[in-house]
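Scroll down for the structure; my scribbles are underneath it.
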């Protein structure tokens, strides 16, 4: 795989209950452009008969979020063995001001919003789309050097986690336990 160099995420696809409702939600509440729709009666890769509508939305900067509506499949559900907070789609917004304005607009539209939640390197809000997918909007707030320090300690943290399954303390400052200091 010496020649493999990924060029970015082409698209990420999730299932939806209703393609039209989903497109309208993302257009209205996240200002996403509806790029295209593909509908087939047969799955191209497996040749199985399974009608679907596949819709694609512009998530900004070349990122595409897609959904499949599968009317002949059993009703969609989420992974019952995974907490609802784990699986989510996170989008970056320009600023904390945009994050807070969007929270207010979502709440005015009757959407329940959690947050903003402080993550030290960003603040975020959370809500659910009509399909039950958890959505996160995040505004970066990292101070200079924070992301570099997190990258530096990441291998040691992963090794320790792999052995102990307990949260390593290499970046305790991230959770309010001590002050941020870069290590040389």
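Projected onto their three principal axes, the Cα atoms of region 8-73 cover extents of 34, 27, 15 Å, largest first.
When DSSP beta bridges are limited to those with both residues in the chain, what percentage is antiparallel, rounded to the nearest 5? List each step's numbers first, then the result.
Details: 25 of 36 bridges.
Around 70 percent of the beta bridges assigned by DSSP in the chain are antiparallel ones.
Which percentage, to the nearest 5, of the DSSP beta bridges contained in region 8-73 is antiparallel?
Details: 15 of 20 bridges.
The antiparallel fraction comes to roughly 75 percent.
In the chain, the DSSP-assigned H stretches of four residues or longer account for a calculated mean residue ellipticity at 222 nm of -8000 deg cm²/dmol, using -39500 (n - 2.57) per stretch and the full residue count as denominator. Pairs of Cα atoms in the chain fall into 5 Å distance bins, from 0 up to the last occupied one, in shares of 1, 6, 12, 14, 16, 16, 13, 10, 8, 3, 1, 0 percent. For the chain, the longest principal axis of the Cα atoms and the long axis of helix 146-164 meet at an angle of about 80 degrees. Relative to the dominant Cα principal axis of the chain, helix 96-108 is inclined by about 40°. Extension gain for residue 63 to residue 9 (0.36 nm times residue separation, less C-alpha to C-alpha distance): 18.8 nm.
Between residue 45 and residue 27, 0.36 nm times their residue separation minus their Cα-Cα distance comes to what?
Details: separation 18, 0.36 × 18 = 6.48 nm, distance 2.94 nm.
So the extension gain works out to 3.5 nm.
Over every Cα atom in region 56-144, the radius of gyration and the widest Cα-Cα span, Dmax, amount to 14.8, 51 Å.
Throughout, read-outs are computed from the coordinates displayed, never taken from laboratory work. Everything numeric here is computed off the predicted structure, so don't read it as measured data.
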